[in-house]
Amino acid sequence: EGEPGDAVELVLQAAREHKDDALYRRALQIAVEAGAGEKALAITRSWRQAMPRSTEALRTEIQLLIAFDRVPDTAEPLKHLLSLSTPAERSALISSLPRAQQHAKDKAGAAEQFGRLLQPYMDAPDTRTAARVALGRIRLNQGQPLVALELAAQAQEQDPKALQPVLLALDVMNGASDGAQARAAQPAEAASAPAKGATSSTELVAKAEKIVRRYLAQPDTEPVVRQAFASVLA
């Protein structure tokens, strides 16, 4: 009847009584469709309070906070969600952090926040590869490709069969190659020299190529990596 506020309260009351994920989800959907962002966030908090071990409630709150560009507020729910997740879920969540950082208005602040969040997982056997690659991608987003490659190489040493470090290295190669082509296309007087302390495109490509070739030297590697490598080289 065009009264979404009343609808939210009724569904939310039922959700609290029954402790039902589906009812909380429906209340949240009504609030979002009505454009009530703050109400939607309040629902996720109520959902978490009623069902402290609901990973869906935590994920939903984190997604809303990122959508509303309130990344600093994700620190506590992210930490809690990581602690509740299974090893596979934890690695997937860690791998999603670089995308969240890219969507943040304060990318540098998000990078530092996520970097701190990842520290406990950098050496844990179940998450060390995902954590290093995620941090590498975050550093690449910040314009630090050499740091990204160092983290990719560390991840590969820990798990030579892992695909994620190789894909990160290929992305660095792509970026370095594109940058070199752009500089080559400029007039000689307009092409700027690399900043003092900066790593040249040639050096970045060589370091990244080493990671890719090390992976391809093994048996039973993914054909898509060879195809992507050939494409970058071409």
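The values are calculated or read from the model by the stated rules, or taken from the named source; none is laboratory data. None of these values were measured; they are calculated from a predicted model. Cβ sites come from the backbone with ideal geometry, for glycine too, and all protein chains shown count toward neighbours. Each accessible area value is taken on the protein alone, full model and side chains, heavy atoms only, with ligands, DNA and RNA left out. Shrake-Rupley method; radii C 1.70, N 1.55, O 1.52, S 1.80 Å.
Summary of computed values
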{"quantity": "Debye, to nearest 20: dipole size of the chain, +1 on Lys, Arg Cβ, -1 on Asp, Glu Cβ", "calculated": "740"}
{"quantity": "Sum of side-chain charges, Ala104 neighbourhood, beta-carbon under 12 Å (Lys, Arg +1; Asp, Glu -1)", "calculated": "0"}
{"quantity": "Total formal charge among the other residues, if their Cβ is under 14 angstrom from that of Glu150, Lys/Arg +1 and Asp/Glu -1", "calculated": "+3"}
{"quantity": "Sequence of Leu82, Leu117 when ordered by accessible area, the most exposed leading, probe 1.4 angstrom", "calculated": "Leu117, Leu82"}
{"quantity": "The chain, accessible area per residue, ligands and nucleic acids excluded (1.4 Å, Å²)", "calculated": "55"}
{"quantity": "Rh by Kirkwood over Cα pairs, then Stokes-Einstein D for the chain at 0.692 mPa s and 37 °C, µm²/s", "calculated": "163"}
{"quantity": "Efficiency of FRET from Cβ geometry, Leu10 and Leu84, R₀ 35 Å, rounded to 0.05", "calculated": "0.75"}
{"quantity": "Residue with peak Gaussian network fluctuation, the chain [Cα springs, cutoff 10 Å], from Ala155, Ala111, Ala36", "calculated": "Ala36"}
{"quantity": "Fluctuation leader among Glu33, Glu61, Glu89 - the chain, Gaussian network, Cα springs under 10 angstrom", "calculated": "Glu33"}
{"quantity": "The range 82-122: radius of gyration and largest Cα-Cα distance (Dmax), Å", "calculated": "10.6, 30"}
{"quantity": "Value of Rg/Rh across the range 4-122 [Cα atoms, Kirkwood radius]", "calculated": "1.00"}
{"quantity": "Computed lengthening from Ala230 to Ala217, 0.36 nm per intervening residue step minus Cα-Cα distance", "calculated": "3.2 nm"}
{"quantity": "Within straight-line cross-link reach of Lys39, lysines at Cα separation under 21 Å, skipping those fewer than 8 residues along the same chain", "calculated": "Lys19"}
{"quantity": "Local electrostatic count, Leu135, Cβ distance below 12 Å [Lys/Arg +1, Asp/Glu -1]", "calculated": "+3"}
{"quantity": "Mean shadow area of the range 109-167, taken as a quarter of the surface of its Cα convex hull (nm²)", "calculated": "3.6"}
{"quantity": "Rounded if a/c under 1.5, otherwise prolate or oblate - the range 24-71, Cα gyration tensor axes", "calculated": "oblate"}
{"quantity": "Modelled FRET efficiency - R0 41 Å, Asp126 with Ala36, Cβ distances, 0.05 increments", "calculated": "0.60"}
{"quantity": "Protein accessible area in the range 94-173, 1.4 Å probe - carbon and sulfur %", "calculated": "50"}
